[in-house]
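The values are calculated or read from the model by the stated rules, or taken from the named source; none is laboratory data. Being a predicted model, the structure only gives us computed values, none of them experimental. Quick reminder, even Gly has a Cβ in these numbers, built from the backbone with ideal geometry, and neighbours come from all protein chains shown. Calculation scope for accessible area: heavy atoms of the full protein, side chains included, ligands and nucleic acids excluded. Shrake-Rupley method; radii C 1.70, N 1.55, O 1.52, S 1.80 Å.
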Amino acid sequence: MTISATRRTVLAAGAAGAAALLAGCSEYGNENGGGEAESPAPEETSGESPGEAPAGEELAKTADIPVGGGKIFKDEQVVVTQPEQGEFKAFSAICTHQRCTVANVSDGTINCTCHGSKFRVADASVADGPATRPLPEEKITVTGNSIRLA
């Protein structure tokens with residue numbers, strides 16, 4: 001028995017294959033055409049992630065966050081800073097360059113060691129690239145000595 005392919009069948013199969021190829025390639029897209037990040041963070045999803053603290057749950061005590069520095073909460077993908085005594089801010093812990101999780105906070109900056117980006121603890125603006133956009137702000141509430149995700 002001979003199987004003959006029509007032009008329509010061949011074109012449909014080619015289009016489906018091309019769509020699958022594009023979908024696979026676009027998963028790790030980035031704005032600068034570089035390679036895949038060394039350790040990309042998982043994509044954001046709606047709702048709570050398994051490791052994400054529910055809204056309102058205590059994230060840290062105010063004493064846990066050093067003045068002029070901060071602390072990274074990897075499971076919640078957030079970094080909390082205290083630029084000045086009693087002033088607390090929170091930002092995404094996912095670098096805007098290639099979505100690596102930032103590694104540490106020191107010398108007044110939030111640091112991503114994947115490619116060297118640095119963000120200021122006061123407002124998460126870019127202090128040193130290759131990132132070109134600040135870390136997005138996250139909402140927290142500070143009540144007494146308790147810091148909670150809002």
Exercise. What does the highest-first list of 74-80, 134-140, 60-66 look like by mean Cβ count within 10 Å?
Worked result: 74-80, 134-140, 60-66
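Taking a probe of 1.4 Å, how large is the accessible area per residue of the range 80-129, in Å²?
That works out to 38 Å² for each residue.
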